[in-house]
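The values are calculated or read from the model by the stated rules, or taken from the named source; none is laboratory data. Note that the structure is a prediction, hence the values are computed from the model and not measured. Reconstructed Cβ throughout: ideal geometry from the backbone, glycine too, with neighbour counts over all protein chains shown. All accessible areas refer to the heavy atoms of the entire protein, side chains included, with ligands and DNA or RNA removed. Shrake-Rupley method; radii C 1.70, N 1.55, O 1.52, S 1.80 Å.
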Amino acid sequence: MTSSSKLRDVHVFRMSMPEHECPWGLKAIALMQKHGISFEDHRLTSQEEVNTFKAQHGVATTPQIFNGDERIGGYTELAAMLGEEAQEAEYSYMPVVAVFGTALLISLVLEGNVIQHFMGISICTLAMLKLIDVESFAASFVKYDLATKRWHLWGKLYPGVELLIGLGFLMKPPLPMAGWIALIVGIQGMISVLKAVYIDKLALNCACVGGNSKTPLGIISFTEYAMQSLMGIVVAFQLAF
């Protein structure tokens, strides 16, 4: 009996929101259709439904596939069961390189403090990319940001707050309040990344350059938050101005 023939009572639970359709859920469905496996599709259409499902089943990610009462796992586990090679996530660091590279070049041609300009311009640019599609950003951000998991509205407010931080850094002299906010946000962000990547072992894309980013969550994300926190300390205490 083949692996696919053993799957007779299959249920797929996947995130399917108006602003975000989980690509791995769609890959799992396509894989089962390829093997002619009948299944019942359970769409989780709100973040509350996603969080409730994860808590009930003790899982960190969706989609999750069940064969009767037996949990198979996610897309990767399903592919392994069916003898298929799982597709890997598409990653690209080019958006990050473009943002920080452009910010650095602009800073070098401006008069004044290069570091101040670089951080301010970088943060404003990152905020702009998030503001292009706030809903998509929030849907991606909530997957790993601890503050957004507790207070979902923070995911939609964050791009605006980030823009204000960047503008505060660019003021002459920089606004100390912007430094304090940057420090708090940066420390919280570092903790969120550490938990998601190194404790929960989640393979997610970073929402730092917008919700549809293919930049992997990891050391780059942590470094961005660390730089923001360090600049926050400098601005808050006016150490270099």
- Message: Using a Debye calculation, one point per C-alpha and no hydration shell, please list log10 I(q)/I(0) for segment 61-129 at q = 0.21, 0.23, 0.28 Å⁻¹ in order.
- Response: -0.85, -0.94, -1.15
- Task: Give me the angle, in degrees from 0 to 90, between the Cα long axis of helix 94-109 and the longest principal axis of the Cα atoms of the chain, rounded to the nearest 10.
- Result: 10
- Task: Please get the size of the charge dipole for segment 1-138, origin at its Cα centre, with Cβ charges of +1 on Lys and Arg and -1 on Asp and Glu, quoted in debye to the nearest 20.
- Result: 120
- Query: What's log10 of I(q)/I(0) for segment 136-241 at q = 0.11, 0.18, 0.24 Å⁻¹, Debye sum over Cα points only, no solvent?
  - Reply: -0.33, -0.84, -1.28
- Message: Taking the Cα centroid of segment 5-71 and of segment 80-104, what is the distance between the two, rounded to the nearest whole Å?
- Response: 23
- Lys and Arg at +1, Asp and Glu at -1: neighbours of residue 56 with Cβ under 13 Å from its Cβ sum to 0
- Task: Please report, as a whole percent, how much of the solvent-accessible surface of segment 1-160 comes from carbon and sulfur atoms (probe radius 1.4 Å).
- Result: 56
- Message: Using a 10 angstrom Cβ neighbour count of at most 10 plus a DSSP loop assignment to flag exposed GluC sites (Glu not before Pro), which longest range of the chain is free of such sites?
- Response: 112-241
- Task: Work out the FRET efficiency for residue 115 and residue 38 from their Cβ-Cβ distance, taking R0 = 45 Å, and round it to the nearest 0.05.
- Result: 0.15
- Message: Using helices alone, I'd like the mean residue ellipticity at 222 nm for the chain: each DSSP H run of four-plus residues gives -39500 (n - 2.57), total over residue count, nearest 500.
- Response: -17500 deg cm²/dmol
- Among the lysines, select those whose C-alpha is under 16 Å from the C-alpha of residue 6, and discard any that sit fewer than 8 residues away in the same chain. 34
- Accessible area per residue of segment 57-131 at 1.4 Å probe, in Å²? 54
- Please sort by residue number the chymotrypsin sites (Phe, Trp or Tyr not before Pro) in segment 138-200 whose DSSP state is loop and whose Cβ has at most 13 other Cβ atoms within 10 Å. 151
- Just the projected area, averaged over all directions, of the convex hull on the alpha carbon atoms of segment 65-177: how many nm²? 10.3
- Report, in degrees rounded to the nearest 10, the 0 to 90 angle that the Cα long axis of helix 219-236 makes with the longest principal axis of the chain. 30
- Provide, in order from the shortest bin, the percent of all Cα-Cα pairs of the chain in each 10 Å bin, continuing until the bin that contains the maximum pair distance. 7, 29, 29, 18, 10, 5, 1, 0
- Item | Kirkwood Rh in Å, taken over segment 22-82 so that all alpha-carbon pairs contribute | 12.1
- Per residue, the convex hull enclosing the alpha carbons of segment 1-131 has a volume in Å³ of 137
- Query: Roughly how many debye, to the nearest 20, is the charge dipole of segment 126-179 about its Cα centre, given +1 on each Lys and Arg Cβ, -1 on each Asp and Glu Cβ, and no other charges?
  - Reply: 140
- With a ≥ b ≥ c the root eigenvalues of the C-alpha gyration tensor of segment 178-227, is it rounded (a/c under 1.5), prolate (a/b larger than b/c) or oblate? oblate
- Show which lysines lie in cross-link reach of residue 130 when reach means a straight Cα distance below 30 angstrom and same-chain residues fewer than eight apart are skipped. 27, 54, 143, 149, 156, 172, 195, 201, 214
